[in-house]
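What follows is one structure encoded as structure tokens, with my remarks underneath.
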Amino acid sequence: FRSLLPIVLVHVLSNASGISLYVEAYERAVSQTSTVTAQSEKTIDAVELFERTGPFLRKGEHTLALRELEKVIELDPGFHVAHYVMGWVYATSVDQGCRDGDKALFHATEFATRHLPDPRGKESQWMAWACLAAAQAERGDFDKAIENQMKAMECVSTVSEEWRPHIEVRVKACLNLYRARKPLRTKAISLGGLSDKWVESLLNPGPEGFPEIAE
């Protein structure tokens, strides 16, 4: 066209057409960043809230612990460790008002569904099966409890050599308890926390010698 004007116009139009794309990309990036930040804050809040349940659990104050754990799940439904603790407490609490077989099974299943497929948690998979077994024992389904406790036994081989004897004898003791058609009652939040004295008591020849509450 023997003029710079068309070139200038084409250049302006080209830049103008790209602006909308840049704005869209910018808005998308801001949105994604906000979402990640919100998720991060939610996780931090859930973790901090979960940590507050520790003193309640150590003191055996299960009603207060469950109240806080419900808040954790409300904040982060995928917080699998909170599901484990709730499943265990609802199944095994010495406080009858805290036991609920249906809730125990729900939370134990949520934990198992999230934890068992993850190879990083292989060493603690026995906990998922033991939690399910405890929940089923609380519901009176001892055949299923025995089945899952045996699966817990199979997983003990993946536990580190340092801890394996400690865990194995407790899983076996609880299996004996379920075979005697008795549910577990304890203040501990894992089989690993049960005392040597309790384990020894499960070696008695008959169920009548089993203690009502596991120390």
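The values are calculated or read from the model by the stated rules, or taken from the named source; none is laboratory data. Since we're looking at a predicted model, the values are computed, not measured. In this analysis, Cβ positions are derived from the backbone assuming ideal geometry, glycine residues included, and neighbour counts consider all displayed protein chains. Note: accessible area is taken over every heavy atom of the protein model, side chains too, but ligands, DNA and RNA are not part of it. Shrake-Rupley method; radii C 1.70, N 1.55, O 1.52, S 1.80 Å.
Values for this structure:
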item	result
Identity of the residue in the range 168-185, touching a Leu at 6+ places or on another chain (Cβ under 7 Å) and assigned to a helix (DSSP H, G or I), that ends up surrounded by the fewest Cβ atoms within 10 Å (Cβ to Cβ)	Asn176
Selection count where residues are over 13 Å from Cys98 (Cβ atoms) and out of contact with any His (no Cβ under 6 Å at 6 or more places or on another chain), scope the range 69-86	12
Candidate set from the range 43-60 (those that are farther than 13 Å from Val85 by Cα and among the acidic types (Asp, Glu)); member that is surrounded by the fewest Cβ atoms within 10 Å (Cβ to Cβ)	Glu48
Residue that is touching a residue at least 40 places away in the same chain (Cβ under 8 Å), closer than 23 Å to His62 by Cα, open to solvent by 10 Å² or more (accessible area, probe 1.4 Å) and of a type in the set (Asp, Glu), where the choices are Glu138, Glu215	Glu138
The range 52-92: number of residues that are within 25 Å of Leu184 (Cα to Cα), of a type in the set (Asp, Glu) and either in a helix (DSSP H, G or I) or in contact (Cβ under 8 Å) with a residue 40 or more places away in the chain (or both)	2
Search result, residues across the range 186-201 that are within 21 Å of the chain's Cα centre (by Cα) and either surrounded by 18 or more Cβ atoms within 10 Å (Cβ to Cβ) or part of a loop (DSSP other than H, G, I, E, B) (or both)	Thr186, Lys187, Ala188, Ile189, Ser190, Leu191, Leu194
Selection count where residues are among the aromatic types (Phe, Trp, Tyr) and out of contact with any Pro (no Cβ under 8 Å at 6 or more places or on another chain), scope the range 149-204	2
